[in-house]
Amino acid sequence: MKTSADPVRDYLSAVERETSALPAERRQELLADLAEHIEVTRAEHPDTPIGEVLAELGDPRMIAATALAESGNAAVGTTGGDGVGTPARRGKVHPLVPLLMLTLSLPFMMVFPDLPGPVFGVLFRITGAVLLCTSVHWAAVQKTTGVLLAAVLPSAFIVTWNLSSGGPSGDGPALLANLATLVLLAGTAVWLWRVRRA
């Protein structure tokens with residue numbers, strides 16, 4: 001396989017091809033931003049191979065899909081070299097919705113400990129996890145970490161606590177456990193909010 005003499009030029013050309021549906025001004029702005037980022041990264045980390053720098057930026061198709069979604073061209077698809085169309089998606093649900101559902105599931109169960117509180121709390125947690133997993137605002141690693149920290153771990157902790165203590169009660173240790181879990185949920189939501197894609 002032939003390797004290119006200038007991988008940066010090839011990378012930027014691929015991004016330019018994939019973003020052909022963008023207005024020319026926005027496309028040139030995106031390419032200038034990417035070129036500047038590459039130049040700054042190479043200056044700050046001269047020992048890093050250019051392939052790693054480009055891999056860190058991401059696949060040109062993903063960059064194009066994100067740029068198209070941000071510009072409102074959600075219906076326009078990008079076509080890769082293999083001829084397969086990859087539709088640019090725009091998030092249908094605001095990124096705050098899954099974060100609130102995951103975080104508020106526990107307070108809802110704490111405020112309404114009898115039925116239907118736990119049922120709605122579990123439904124909030126499941127719905128929030130599904131919305132997080134299907135969102136375009138986070139990368140796969142961030143989604144997985146978010147679901148583990150905000151849905152799986154708290155659920156396992158609550159089930160273990162209830163089985164070992166004979167059920168939920170309003171005593172001090174149960175309140176502390178719930179507050180610690182709430183801090184975990186809120187911390188995870190804040191982290192996900194900060195690392196989201198605009």
**Item:** By accessible area with a 1.4 Å probe, ligands and nucleic acids excluded, highest first: order of T145, T160
**Value:** T160, T145
**Asked** Given labels modelled 7 Å from the Cα in the Cβ direction, how far is it in nm from A177 to T160?
**Response** 1.0
**Item:** Protection proxy ranking of 112-120, 97-105 - average other beta-carbon atoms within 10 Å, highest first
**Value:** 97-105, 112-120
**Message:** Taking R0 as 45 Å, what FRET efficiency do you get between A43 and V111 from their Cβ-Cβ distance, rounded to the nearest 0.05?
**Reply:** 0.25
**Message:** Expected output is a single nm value to one decimal: the length gained when fully extending between E56 and A32, i.e. 0.36 nm times separation in residues minus the C-alpha distance. What is it?
**Reply:** 7.0 nm
**Prompt:** Going highest first, how would you order 21-30, 188-197, 43-52, 60-69 by mean Cβ packing within 10 Å?
**Reply:** 60-69, 188-197, 21-30, 43-52
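The values are calculated or read from the model by the stated rules, or taken from the named source; none is laboratory data. Values in this document were obtained by computation on a predicted structure and should not be read as measured data. Note that each Cβ is placed from the backbone with ideal geometry, even for glycine, and that neighbours are counted across all protein chains shown. Heads up: the accessible areas ignore ligands, DNA and RNA and are worked out on the full protein's heavy atoms, side chains in. Shrake-Rupley method; radii C 1.70, N 1.55, O 1.52, S 1.80 Å.
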